[in-house]
Each structure stands twice: as structure tokens, then as C-alpha cells.
Amino acid sequence: MDRLPIRIRLTLAFVVAISIVLTATGLFLYVRLGSSLDNAIDQGLRTRAADVTALVQQAGTGPGDATKLRGPDSGFVQVVGSSGTVVDATPGLTRSPLLTVAQVRQARLGPIFRVRKLDSQRVRLLAAPATAQGQRVVVVVGASLEPRAEALADLRRQLVVGGPIALLLASGAGYLLAAAALRPVERMGERAATISAANPGQRLPLPRADDEIARLGRRMNDMLTRLERALQRERTLVSDASHELRTPIALMKSEIELALAHPESAPTLAAALRSAGEETDRLSQLADDLLLLARVDSGTLPLRREPISVAELLATIATRFSRRAADSGRKIEVVQSSDLSLLGDRRRLEQALGNLIENALRHGAGTVRLEAVEGDGHVTLQVVDEGKGFPAGFLERAFERFSRGDGPRDATGAGLGLAIVAAVVHAHGGSVSASNPATGGAAVALTLPAPVGVAGERAPSRGTGPTVTPALTRD
């Protein structure tokens, strides 16, 4: 059954439903007609019994005079006396009582209906008590049930013949209806077979009606849009990564060629090796960052969660970059409102904060502040500098990969620093934002969930923590 085309399955379901409806309708009509015929016969018998009773009561010489007003289409009548003998009857009707003695006694108490066979045909009888010239009699009127049987038989023949024809017509209509309902799906399937990465922008055709198929088509078109965007991001990633790799590789090649051109010059050779080593570090860092982002995309970024003292975390980062800041005549300041704790991966959080400090020292100016505040069940770590801030229009895409601004603040670097910061914060269940404060400079805030029962308490000290991978700038 599951292997049949859906239109065939819909047609079969429609046929089963119509068969049940037709059968139920036929049974209802049959029973209803039989009940209506029975009511008509009983009403006719009551009318006839009332007429005969009136005649019997008005008879001048006895109940036998009642037969003078019987018509040819009045069925048949029998008047039974108190002794159980037939006083009068329709001409041609047997003189034997139509009722048994027990039934006659029951009829004297009130009208009764009975069905019996008379001359090879079934008849329905109504017996009612009456009084004629002081005599207690029972008036029995009857009507043949053959017309009723013929009417029901005719209805059966019509149902037997018309039912299958109606079912066949309904089945054909159901098949056409299923085909028409599935035609938009077929058109969508035909279009889907032509959509590929080579011809982006194509979408599935949608039916005019706002029905389930139209809603399915819109969702699939939305999915195609998301897939195209993801594919475009992947293409951009490959293109940008290739561009970033090309520069250090070209520099390494130039330095190696320079060293080979002057093999007798030790200073030239040493300078070339130092430059090649720096470019190798840059390539290694770029490869590590791309690997981290790839793990984020696959949902497998490993985290070693442990209680972390925020004061120790900020102090470690400030100490690591203090010499570089001093060389450029700047300083790093730590501002903390209270003794806070976090539950997270210390190495990853140091990497994220290191990227932000690296950016602030490279592109900002003045004092770099590391701030930590707690509120509303979260701990916010913020890095603020006193430079010119982020370029206009850059904030909305600051955390995208390989995103760089147009100003001098973002003229160098691979553009992965903030993307890595966002990846680390999101892996911890937090959020990240960048802004240009009204007081000047640039600010990046990492909002992390405070651990239950840990926030506000000092976490166990673990020293300065492990050495982290050198931070890559955010550009």
C-alpha cells in the first residue's frame, strides 16, 4: 500500500469513504421507505376500521348490514361476533376467522395489529372492538403487504444498479480531484529537479491558493534561500581564506628566494629565516582559527568547564599584554565591581579576551579598560578603548567572518578575531555585542550566564592558567 502513488492512495481512500456513505445512505433509504409504507398502511387500516365501525354501529338490522358500503379498493373486512364466529366479511373472503380466539379476546380490550399469510400473500390486520345493536363485535380490517414488498424490491434493484454506477463515477471524480490537488506538487518537483548550485536564485512555483501546499512551497523556498546564503558564505570563506593564505606564502617564497640569491650573507639569511618564521606563525594561527570555526559549525567545539575567578582571569590578560601596551605608551586598566566567578573554559575565554585586547592595542588609542559587572543573572566582561571607534556601518557585521571595515582601524588582519570571540561566547551560552560609546572609543561586551550558586563567590584559585594560543586580531 505504501508503495502506491499518493494519488492512487487518495483515490482508494475516497472510494472507501464513498462506499461507506453510499451503503449507509441506501440502508437509511430502505429502512425509511419501509417505515413510511408501514405507517401509511397502518393509517389506512385505522381509517378503514373507523369507517366500518361506524357502519356497524349504524346498522339497522345487525352488523351484517355493514358490508353494503364496502368499495372494491377498501381491502377486506371481517366482523367477528362475541361467540368468535364470523358475522360478516368481504365477498370472496374465507368465512373462517382471521384471528385466533385469544387474539379476538385481546382485540375486545383494544385495537391490535397482526401480520399473517392469506392466500399465499402476507397481509396486515387491524382488529378493533365495536358495538352493534347491543352486541359486542370485533371489526377486522386488512390490507395486502404485496405493494409494500414490491416497492422495497424496486428500491433494492435501483440501489444495486445505481450504487456501483455512483461509486464508479465518484471514484473517477476522486482520482481527478487528487490529480488536480497534486498537480502543484508535481510542478514543484519538476522545478526542484532543475535547481542546483550552478543556477542559484531559482525558486519553486507556488499555487495561487493559500493552502497547505502553498505554505510548504514557501517554507521550501525559504530553505533554498538559507542554503544559498550558506553556500555563498562557504564560497566567501574559501575565497577569503585563499586570499589570506596567498600573502604569507608569497612573502615566504620571496624571503627564501632572497636567501638563496645571497647564500654567503649570514645577516641576509638570518633576516629571511626570521621573516619566514613570522609568516609561518601567521599561517599556523590562521589554520588554528579556521579549525576552531569549523568545529563551531559542526557543533563540536570542546569546552573544559571549571569555576573561574573573574579577577584572576582579567589580571592574567592584563599582565600578558602589559608590556606591549607599555612599549606603545599605553596602559591596561582592570575595573571590577565585585568579586565575581564564572563557570567556563578558561583557555577559550582568555583567547576571546586576548583577541579584544590585541584589537584595542592595534587599532585603538589611550587606556584599555577591562571591566566586569554582574547583573540579572549574568556576568558581563567588557573591553573598552579610547580610539576612534568602529567604522560606520561595520557594527552590524562586526562578528561575521573575514569582515573588515573601510577605515584604517580594520586595514590589516584576517578578519577572524571577532568571529572567534562570538563563537567562544555562544559556545558558553552567552551573547556578544559591539558598540561605539558616546564618550568615544570602541567597546565589545561579552555577556555570560552566571553559574547558579557560584556568582558572587570567589572561585578556587588555579594560578595564572595555561598559556593560550596567540590571539589573532579582529578586523
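Only one entry of G162, G142, G134 meets the criterion of being out of contact with any strand residue (DSSP E or B) (no Cβ under 7 Å at 6 or more places or on another chain) and either in contact (Cβ under 8 Å) with a residue 24 or more places away in the chain or in the same structural domain as V31 (by TED's automatic domain parsing) (or both), and that entry is G134. Taking the stretch 96-122, which residues are within 15 Å of D42 (Cβ to Cβ) and in contact (Cβ under 8 Å) with a residue 40 or more places away in the chain? P111, F113 - these are the residues of the stretch 96-122 that are within 15 Å of D42 (Cβ to Cβ) and in contact (Cβ under 8 Å) with a residue 40 or more places away in the chain. Screening the stretch 300-401 for strands (runs of 3 or more DSSP E) wholly inside it with 3 or more residues that are basic (K, R) and over 41 Å from the mean Cα position of the chain (by Cα) returns no ranges.
In the stretch 103-124 there is no residue that is within 25 Å of A54 (Cβ to Cβ), at pLDDT below 90 and acidic (D, E). You will find that of T90, T61, T23, T47, the residue that is closer than 24 Å to E150 by Cβ and modelled with pLDDT under 85 is T90 and no other. Each residue in the stretch 208-237 was checked for being under 20 Å from the mean Cα position of the chain (by Cα) and assigned to a loop (DSSP other than H, G, I, E, B), and 3 pass. On the basis of being farther than 28 Å from A24 by Cβ, not in a helix (DSSP H, G or I) and not polar (S, T, N, Q), does R105 make the cut? Taking the combined requirement at face value, the residue does not satisfy it.
The values are calculated or read from the model by the stated rules, or taken from the named source; none is laboratory data. In this text the structure is predicted, and so the values were computed from the model without any measurement. Quick reminder, even Gly has a Cβ in these numbers, built from the backbone with ideal geometry, and neighbours come from all protein chains shown.
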